[in-house]
Amino acid sequence: MVYLIFGDAFTFPEGDASTNRVYSYANGFVENGLDAVIICFRNDIRANYSGETDGIKYYHPFSLPQKRTNFLFRRWQSILKYYRTITIISDIVASKKLIAIHCYTKSLITQTFAFLLSVIFRSKLILERSEHPLKMYKNNVWGKILGYFRVAFEIRLCSYIFCISDYLLNFYKNKGANIKKLFKVPSTVDVRRFTQSYPNPVNYKYICYCGSLTKQKDGVDILITSFANIAKRFPDVNLLLIGKADTHDEHIYFMNLASDYRIEGRVHFTGKLPRKEIPAYLCNAEILTLARPRSMVADAGFPSKLTEYLATGQPVVVTKVGEIPAFLTDGVNAFLADPDSPEAFSDKLSHVLENYHSAKLAGEKGKELTKTIFNYNYQAKRILDFLSLL
């Protein structure tokens, strides 16, 4: 039997948070005896547009190995990818049963195509919702109308909606979704990536953040300010930021902010790293951090980077937003700061560094959650049980 993950909200096999979620889903299904196939529907330029990694087969039907300047040719490739996707799935179902199409997209067009695929191949259609579905729509009358039309469309045409949080479950329930269509799948992590012993990739002690370098979503400006508040008290500790900003201007802003605080020599920007290199940086950090501010994104989602942090067993400092306090308790399995406050966040950083032995014990307690509720295999079994496949 085949479980198909389809969409354009992720890249594969390299990528960011959405890629990690797709990876954890697929690994869990493979370990429970299914074939996991991934079709990445993005218009990505790739030398290899099909392959296999960790027993997971993947395809990129856009199938363009190098950038072409001809606009009409690129548009033709965008049309052809629909045909190629149908061909790929047809070849799969010729020998194996397709049990579900799990759609991970922000595009209404891609979502509609996924629905048509589920009809053609007589499969369940599962919609992935890890973020608020209305966050991309402008705060005006027509934007709201389009957003609510889309939500009604999702509810009517999909078989199930997998939500990462209770917030999203309640959102869809309040919009008229049958409770039987809704299923909560918390943030998941492949703990195997973080159980090895890695040499330290740098020659200094550091507090670490890993993810997109953004102000609005993850509060990297708050983190830099918080570090500046404690930098003189802990002269042997640096701040290491893994990832890239969404825009060049935002990257320059963060560099200038460090310079304004006169800590530019102690704030290190690695840029975006390959997926396989990230565990070494996380596992060797003194503290793993996320200063996420209050926002629609924080209310509705749950950061996948946080479950990766927990999997290392290192102390974690994070803000009390969204569902984070529902899983983590301050001083027990993590250290929770009030959001939107550099002072509150720097206080937690100082506390951890000054009480590092007890902070490490809290880190180990946090790691225990990745063996159960956040574990990829545990959640895969829940999904298959929900779909009556176990």
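The values are calculated or read from the model by the stated rules, or taken from the named source; none is laboratory data. Values in this document were obtained by computation on a predicted structure and should not be read as measured data. Every residue, glycine as well, gets a Cβ built from its backbone with ideal geometry; the counts of neighbours run over all protein chains shown.
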Does segment 119-134 include one or more residues that are more than 22 Å from PHE302 (Cα to Cα), in contact (Cβ under 8 Å) with a residue 40 or more places away in the chain and under 25 Å from the mean Cα position of the chain (by Cα)? yes
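One line per residue, one yes/no per condition, for (1) in contact with a Cys (Cβ under 9 Å, 6 or more places away or on another chain); (2) closer than 24 Å to THR19 by Cβ:
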site	(1), (2)
GLY143	no, no
LEU157	no, no
TYR172	yes, no
VAL191	no, yes
ASN203	no, no
CYS208	no, yes
Restricting the search to segment 24-36, which residues are in a strand (DSSP E or B) and either loosely packed, with under 14 Cβ neighbours inside 10 Å or in contact with a helix residue (DSSP H, G or I) (Cβ under 6 Å, 6 or more places away or on another chain) (or both)? ALA36
Which number in (1) crowded, with 20+ Cβ neighbours inside 10 Å; (2) outside any helix (DSSP H, G or I); (3) modelled with pLDDT of 95 or more marks the one condition that PHE62 misses? (3)
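Rundown of residues vs (1) in a helix (DSSP H, G or I); (2) touching a helix residue (DSSP H, G or I) at 6+ places or on another chain (Cβ under 9 Å), yes/no style:
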| residue | (1), (2) |
| --- | --- |
| ASN170 | yes, no |
| SER197 | no, yes |
| VAL202 | no, yes |
| TYR206 | no, yes |
| ASP221 | yes, yes |
| THR225 | yes, yes |
Single match in LEU273, LEU282, LEU239 (criterion: among the hydrophobic types (A, V, I, L, M, F, W, C), under 21 Å from the mean Cα position of the chain (by Cα), assigned by TED's automatic domain parsing to the domain that holds GLY211 and not in a helix (DSSP H, G or I)): LEU273
State whether the residues of segment 69-76 include one that is under 17 Å from ASP35 (Cβ atoms), surrounded by fewer than 18 Cβ atoms within 10 Å (Cβ to Cβ) and over 26 Å from the mean Cα position of the chain (by Cα). no
